[in-house]
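S.K.: Just dropping this structure here.
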Amino acid sequence: MESILIDIPIPSIFTYENEDGTWELIDGLQRISTIFEFFGILRNPQTGEVLPPSALSKTAYLPSLENAVWENSSKISGVPVAAQVALEKPQQLAIRRARLDVQVLKQPSDSETKFHLFQRLNRGGAYANEQEVRTCAMVMVNADFVKGIKRLAANTKFAEICSIKPQSSQRQKDVEYVSRLLVHAYYDYDNESDVEEFLDARIIDALKEVDFKEFEERFEFTVSILYELFGAKALFPNAGTVASQGERFSLRSLETVFVGILRNAGSIEKLQDPGAFIKEKVLTFWKQPEVESMSASGLRGTQRLQRTIPFGAMWFKPSGN
């Protein structure tokens, strides 16, 4: 709102034009919703109910915006009517006359194209990390699947064994790990792409091709049996059984132990004693000479993936399968 009032250009808003002539917002939701909320016309997307209008805060250039409102209202949370400062008519007129650049794209509006467009527009932003951008784009491909991913990410046992703290969860680290598991469970690394590029490409395929129910069953089996056997340190070196200052969770563990079990979950479940098999495999896994090379100094993520995923899938595969 400050940018509008002092006439600083706001980044373009991007939309797709659908076949029926309506515009579908691809990039610019925060800008649009901020303006609508200030006007008091923003609606709850689930209920359609109009949300309470907002009051502004002072800024470096316009300290007078403290508690400024479009019009006085008892619905504004945290700012009593007596403290509200309604914008003067010239200010309201300046806002009404402000121009927003809207780019209307008329390319084929398939979900995959929208996914790539959204990422291209948001990559490198100062506020969103890779997974936050990826999650927003994923919703465009399969919103229901993404809801399922978020539900799995909220599993408290999963959070413990992956050492996910509340602040990390706020930055979607838990969703990132589940997304990685989804990709690695069904797709081999191509040995060419950058890690983030590989995840971006294969997550599209996964959201379209993978049966979520099957993935959910594999995921929950893996989380439950690891936690039952080793507790919160299941993905620590030696499953936390050897005291060491260097003990900690790492992507190496996620990509070998967790993905290895995840890929072989169906075969492992058919064993007479799945728990005994996994316990023995996890503890002997850390003694293998190949494991040390998976975390060598200077090892790039692309090089690590070439070693971790194949070895874990092989190591946790029951003999005869």
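The values are calculated or read from the model by the stated rules, or taken from the named source; none is laboratory data. Small disclaimer: the values here were computed from a predicted structure and weren't measured. Note that we place each Cβ from the backbone using ideal geometry, even for glycine, and neighbour counts take in every protein chain shown. The protein model used for the area step is the full one, side chains on, heavy atoms only, and it has no ligands, DNA or RNA in it. Shrake-Rupley method; radii C 1.70, N 1.55, O 1.52, S 1.80 Å.
S.K.: Quick one: which residues, 5+ away or cross-chain, put their amide H under 5 Å from the amide H of L105? H built at 1.01 Å from N.
M.R.: It is T15, Y16, E17, by chain and number.
S.K.: Still on this structure, I have one more. Give me the percent of the accessible area of the stretch 156-224 that comes from carbon and sulfur atoms, probe 1.4 Å, all protein chains in place. All intermediate terms of the calculation are to be shown ahead of the outcome.
M.R.: Details: 1280 of 3170 Å².
Carbon with sulfur: 41 percent of the solvent-accessible area.
S.K.: Given a 1.4 angstrom probe, what's the average accessible area per residue across the chain, in square angstrom?
M.R.: Numbers: 17760 Å² over 321 residues.
Each residue of the chain exposes 55 Å² on average to a 1.4 Å probe.
S.K.: Calculate what fraction, in whole %, of the accessible area of the stretch 262-309 sits on carbon and sulfur atoms when a 1.4 Å probe is rolled over the protein chains. It would help to have the intermediate numbers written out before the result.
M.R.: Working: 1180 of 2660 Å².
After summing per-atom areas, the C and S share lands at 44 percent.
S.K.: Follow-up question, since we're still on this one. Can you run the Rg to Rh ratio on the chain? Use alpha carbon positions and the Kirkwood inverse-distance Rh. Each step should come with its number before you reach the end.
M.R.: On the way: Rg = 24.9 Å, Rh = 23.0 Å.
Answer for the chain: 1.08.
S.K.: Starting from the Cα gyration tensor of the stretch 210-321, take the square roots of the eigenvalues, sort them a ≥ b ≥ c, and report rounded, prolate or oblate (rounded when a/c is under 1.5, otherwise prolate if a/b is larger than b/c, else oblate).
M.R.: Values: a/c = 1.66, a/b = 1.34, b/c = 1.24.
Judged from the Cα gyration tensor, the stretch 210-321 comes out prolate (a/c at least 1.5, a/b above b/c).
S.K.: Report, to the nearest 10°, how far helix 195-209 tilts away from the longest principal axis of the Cα atoms in the chain, using its own Cα long axis and a range of 0 to 90°.
M.R.: Between helix and principal axis, roughly 90 degrees.
S.K.: Residues of the stretch 1-23 with amide nitrogen under 18 Å from the 7 Å Cα-to-Cβ point of I95?
M.R.: In the stretch 1-23, the label zone of I95 (backbone N under 18 Å from the point 7 Å along Cα→Cβ) covers 1-11.
S.K.: Per residue of the stretch 260-274, in order, report the coupling 6.51 cos²θ - 1.76 cosθ + 1.60 (Karplus, θ = phi - 60°) as ³J(HN,Hα) in whole Hz, putting x for Gly and Pro.
M.R.: Karplus values, whole Hz, x for Gly and Pro: x, 5, 4, 5, 9, 3, x, 5, 5, 4, 7, 5, 5, 9, x.
S.K.: Another question, then. Provide the per-residue ³J(HN,Hα) series for the stretch 306-311, in order, calculated from phi with Karplus coefficients 6.51, -1.76, 1.60 and θ = phi - 60°, each as a whole number of Hz, with x at glycine and proline positions.
M.R.: 5, 9, 5, 4, x, 5
S.K.: Ok, one more. Give the lysines reachable from K270 as a straight Cα distance under 19 Å; neighbours fewer than 8 places away on the same chain don't count.
M.R.: Partners within reach: K213, K279, K281, K317.
S.K.: For the stretch 167-214, what does the alpha-carbon gyration tensor say about shape, rounded, prolate or oblate, given a ≥ b ≥ c as the root eigenvalues, a/c under 1.5 as rounded, and a/b over b/c as prolate? Working shown, then result.
M.R.: Values: a/c = 2.31, a/b = 1.21, b/c = 1.90.
Oblate is the answer for the stretch 167-214, as a/c is 1.5 or above yet b/c matches or exceeds a/b.
S.K.: Using a Gaussian network model on the chain with a 10 Å cutoff between Cα atoms, which of P166, P90, P289 fluctuates the most?
M.R.: P90
S.K.: To continue, here is another question. Classify the stretch 1-101 from the C-alpha gyration tensor, please: rounded if a/c falls under 1.5, else prolate or oblate depending on whether a/b exceeds b/c. Before the final figure, lay out each step's value.
M.R.: Numbers: a/c = 2.44, a/b = 1.40, b/c = 1.74.
Judged from the Cα gyration tensor, the stretch 1-101 comes out oblate (a/c at least 1.5, b/c at or above a/b).
S.K.: Here is a follow-up. Could you pull out every residue, at least 5 positions away or on a different chain, whose amide H is within less than 5 Å of the one on A86? Hs are placed 1.01 Å off N in the peptide plane, and Pro or chain starts have none.
M.R.: Hits under the 5 Å cutoff: V69.
S.K.: Would you tally the net charge around V81, using a Cβ to Cβ cut-off of less than 11 Å, leaving V81 out, and scoring K and R as +1, D and E as -1? It would help to have the intermediate numbers written out before the result.
M.R.: Values: positive: K75; negative: E71.
Residues close to V81 contribute a combined charge of 0.
S.K.: Same structure again: In whole Å, how far is the Cα centre of the stretch 147-165 from that of the stretch 27-85?
M.R.: About 34 Å separates the Cα centre of the stretch 147-165 from the one of the stretch 27-85.
S.K.: Moving on to the next point. Among Q30, P274, N67, whose Cα projects farthest towards the positive end of the dipole of the chain, with charges put on the beta-carbon of Lys, Arg (+1) and Asp, Glu (-1)?
M.R.: Looking along the dipole axis, the top candidate is N67.
S.K.: Helix-only estimate, please: 222 nm mean residue ellipticity of the chain, summing -39500 (n - 2.57) across DSSP H runs of length 4 or more and dividing by its residues, to the nearest 500. If you can, show how the numbers build up before the last one.
M.R.: Numbers: 16 runs with 159 residues, N = 321.
After summing the helix terms and dividing by residue count, I get -14500 deg cm²/dmol.
S.K.: All other residues with a Cβ under 12 Å from the Cβ of L51 taken together, and with Lys, Arg as +1 and Asp, Glu as -1, what is their net charge? Please list the in-between numbers first.
M.R.: Values: positive: R43, K75; negative: E37, E49.
Summing Lys/Arg as +1 and Asp/Glu as -1 gives 0.
S.K.: Additional query: If you count, for each residue, the other Cβ atoms within 10 Å and average over each peptide, how do 135-147, 177-189, 72-84, 28-40 line up from highest to lowest?
M.R.: Values: 135-147: 18.0, 177-189: 21.3, 72-84: 12.3, 28-40: 15.4.
Those peptides, ordered most packed to least, come out 177-189, 135-147, 28-40, 72-84.
S.K.: Note the angle between two axes, namely the Cα long axis of helix 173-186 and the longest principal axis of the Cα atoms of the chain, as a number of degrees from 0 to 90, rounded to the nearest 10.
M.R.: Tilt of helix 173-186: around 50 degrees.
S.K.: A follow-up question, please. Under 20 Å between alpha carbons, and skipping anything fewer than 8 positions from K106 in its own chain: which aspartates and glutamates qualify?
M.R.: Candidates past the 8-residue exclusion: E17, E19, D20, E24, D27.
S.K.: I need to check one value: relative contact order of the chain, counting alpha carbon pairs closer than 8 Å and at least 6 residues apart, in percent.
M.R.: Working: 369 pairs, mean separation 39.9, N = 321.
Normalised by residue count, the contact order of the chain is 12 percent.
S.K.: Hey, another quick one. Using a Gaussian network model on the chain with a 10 Å cutoff between Cα atoms, which of R218, R43, R304 fluctuates the most?
M.R.: Its mean-square fluctuation being the largest, the pick is R43.
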